[in-house]
1. How many of the residues making up segment 71-97 are assigned to a helix (DSSP H, G or I), open to solvent by 20 Å² or more (accessible area, probe 1.4 Å), within 22 Å of G25 (Cα to Cα) and not acidic (D, E)?
2. Report, by residue number, each residue of segment 177-196 that is touching a residue at least 12 places away in the same chain (Cβ under 8 Å), on the phi < 0 side of the Ramachandran plot and assigned to a loop (DSSP other than H, G, I, E, B).
3. Can you tell me which residue in segment 98-110 is least open to solvent (accessible area, probe 1.4 Å), limited to those that are part of a helix (DSSP H, G or I) and free of Cβ contacts under 8 Å to residues at least 12 places away in the same chain?
4. Please specify each residue of segment 138-175 satisfying the condition of being touching a Lys or Arg at 6+ places or on another chain (Cβ under 6 Å) and more than 13 Å from V77 (Cα to Cα).
5. Give the residue, chosen from D174, D114, that is open to solvent by 70 Å² or more (accessible area, probe 1.4 Å), of a type in the set (D, E, K, R), over 14 Å from L83 (Cα atoms) and free of Cβ contacts under 8 Å to residues at least 60 places away in the same chain.
Amino acid sequence: MTTIDATVCGREDRPAYADSAVEAGVAAAAQRGLRTISNAQCAADVRTVAAAGIASVEQGSLLDEAAIAAMLENNVVLVPIFLARHNMDEARVARGGSVQAIEAAARLAEHTRDAARRFSAAGGTVALGTDCGAPGSFHGANCDELSLMVAAGLTPTDVLRAATRNGATLMGLDDLGRIAVGARASMILVEGDPSRDIAAVANLA
C-alpha cells in the first residue's frame, strides 16, 4: 500500500516508501515467482511502483500523464475499484459525516473515475476488482462494480474484457477468461446484450 492517505498527495512530508524499498519488495517477490500489486493513488507513488515492476495498481485515483505513461511503458494493469469507495462514501453520508469529509470523498471518487477513463482511452489495460472486505463490500456484488466502471466512462465491451480476460491474465491464469481451444470454460447465459447494456450481465437466463 504505497499511498497511505490520498488527501496528502503532493505534499513533501507525506508518508511514502522510498523507491529502493519498493524495488526491494517487488524483487523479493519476483525471486519467488510472485506478482506484486499496490494500492497507489498519488501519481508519484504510481510512477514509483510502475518503474519497480509492479503487476497492477489498485485505485490509481490521481494519475497524471507521467504516471499513465509509466504504467503503459511497464505494462501495468489498472484496477480502479469503484464499488468499495462508493459503498464507504454512501455510509459516510448515511451516518452524518462532516460536510468537508463528504466533499473530499466525492472529489476523490471523481478523480478515480477520471483516471480510469483517461488510462483506458490511452490504451491501458483495466481489470475488475472489488476490494471485498472493505466496509460494505461483499463477494458476489461484482455486477455493481461493472456498472460503476461503465458509469465512469469505460465502454461495456472494455468492462467485459476487464472482468474476464484481463483479470485472468493479471492473475497468471491464461486458460481462463477467454473462449479458445484448451481454455477452461466458466460461462453464463444472460438475457440481453451486455456489450450494449452492462446490466444484462446480472440478468441470468
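1. Number of matching residues: 1.
2. R178, I188, L189, E191, P194, S195, R196
3. A101
4. Of everything in segment 138-175, those that are touching a Lys or Arg at 6+ places or on another chain (Cβ under 6 Å) and more than 13 Å from V77 (Cα to Cα) turn out to be A152, G153, D175.
5. Numbers: D114 fails: open to solvent by 70 Å² or more (accessible area, probe 1.4 Å).
Exactly one residue qualifies, and that residue is D174.
The values are calculated or read from the model by the stated rules, or taken from the named source; none is laboratory data. None of the values given here were measured: they were computed from a predicted structure. No Cβ is skipped: glycine too gets one built from the backbone with ideal geometry, and neighbour counts run over all protein chains shown. All accessible areas refer to the heavy atoms of the entire protein, side chains included, with ligands and DNA or RNA removed. Shrake-Rupley method; radii C 1.70, N 1.55, O 1.52, S 1.80 Å.
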